[in-house]
Each structure stands twice: as C-alpha cells, then as structure tokens.
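Novice: Can you keep this structure in mind? I'll have questions shortly.
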Amino acid sequence: MTLTIGELAPDFTLVNQFGENVSLSSFKGKKNVVVLFYPFAFSGICTGELCALRDDLSAFQNDGAELLAISCDPMYSLKAFGEAESYKFPLLADFWPHGAVSKSYGVFLEDKGFATRGTFVIDKEGILRWQVLNGPGEARNVADYKAALAVL
C-alpha cells in the first residue's frame, strides 16, 4: 500500500514501551504527529537516528507536535531500548499482529519481517502532509522532517 499526500493517514492503536495503548487518532485536533518507523531496537543506524531525535526532542515533541517511533519489536525490548538510551518519547510495538501498522503505511518488508525506514508527518486533522522512505541501511536526515513539521 502506498500512501498519498493529502489523504487521511491510517489510524492505529499500538502499545508503548510501558504497556499503554497509544492511538494516532488521540492527537486529532490537538497535535501534528511525526510517525517514524525503524527496523530494530538496539541496531546501529536506528539507535543513531533515535538519539538524534532525543537530542533535539523539543522540535518533535511539544505543545503542537508529537513523535511516535514504531518498530516490530516486542514491548519488552522497546522498554529496555528506551531505558538504555534515555528516550522520552513513545516507542510503539507493531509486534502483533506482526507488522500490521507497518503494512498499512507501506513500509513492511515481507521477505525480511520488519519495517523499513519510513517517516510520515501528519497534521492535526489526521492528513498526511509529508513522507520519506529509506532502505534499512540508509539513515534519514532528521532536518528534512523537522522542516516538514515546521511548516504546519
């Protein structure tokens, strides 16, 4: 499935690293949302990307924006990952049904069993306004989606 800019982003509810349900629709009318898919907790490029977000978190998590990072890892792995790296943003588990949300965003790699690097900027009305897809070994440029979020 390929998403189209200007269309409603697929809603989802996933469990975070603390076992709490987080829904994209809970931010409707309140905050713009950066939905960031990454392959694996504790892997080199993923850790680097999420640490870059952690170190500039005020740009992505504030009164007008929320950051939701999603992988197909189980909740317990995400909890350990978040604690190890001091992440103060939701790490969501797309673990079961395995990769269902990743599939709805068109980033699940069936032959590998994980999500590739996809970033989606969704406005307060739930409309997809920007997206970028990178391969598993290709780091994203945080400045690109920071700029996309800034224009909303």
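Values in this text are rule-based calculations from the coordinates and carry no lab data. Everything numeric in this text was worked out from a predicted model, so none of it was measured. Ideal geometry is used to build each Cβ from the backbone, glycine not excepted, and the neighbour counts take in all protein chains shown.
Novice: Among bridges DSSP assigns within the stretch 39-150, what percent are antiparallel (round to 5)?
Specialist: About 75 percent, rounded to the nearest 5.
Novice: So what is the 222 nm mean residue ellipticity for the chain from helices alone, if each DSSP H run of at least 4 adds -39500 (n - 2.57) and you divide by all residues, rounding to the nearest 500 deg cm²/dmol?
Specialist: Counting only the DSSP helices, I get -7000 deg cm²/dmol.
Novice: Turning to a different aspect of this structure: Measure off 7 Å from each Cα along the Cα-to-Cβ vector at Lys28 and Asp123, then give the distance between these two points in nanometres to one decimal.
Specialist: Result for the modelled spin labels: 1.6 nm.
Novice: How long are the three semi-axes of the equivalent ellipsoid for the stretch 1-54, computed from the Cα gyration tensor as the root of 5 times each eigenvalue, in whole Å, largest first?
Specialist: Its equivalent ellipsoid spans semi-axes of 23, 16, 12 Å.
Novice: Still on this model: Quick one: Cα centre-to-centre distance for the stretch 6-81 and the stretch 110-144, in angstrom?
Specialist: When both Cα centres are located, 11 Å separates them.
Novice: Given the Cα-Cα distance of Asp11 and Trp96 and 0.36 nm per residue of separation, how much length would full extension add, in nm?
Specialist: Result: 29.0 nm gained on full extension.
Novice: Here's a follow-up. Percent relative contact order of the stretch 39-150, based on C-alpha pairs within less than 8 angstrom and at least six residues apart?
Specialist: This gives 24 percent for the stretch 39-150.
Novice: For Leu109 and Phe42 in one chain, what is 0.36 nm times their gap in residues minus the Cα-Cα distance, to one decimal in nm?
Specialist: 22.2 nm
Novice: Hey, what's the per residue convex hull volume over the C-alpha atoms of the chain, in cubic angstrom?
Specialist: Hull volume normalised by residue count: 96 Å³.
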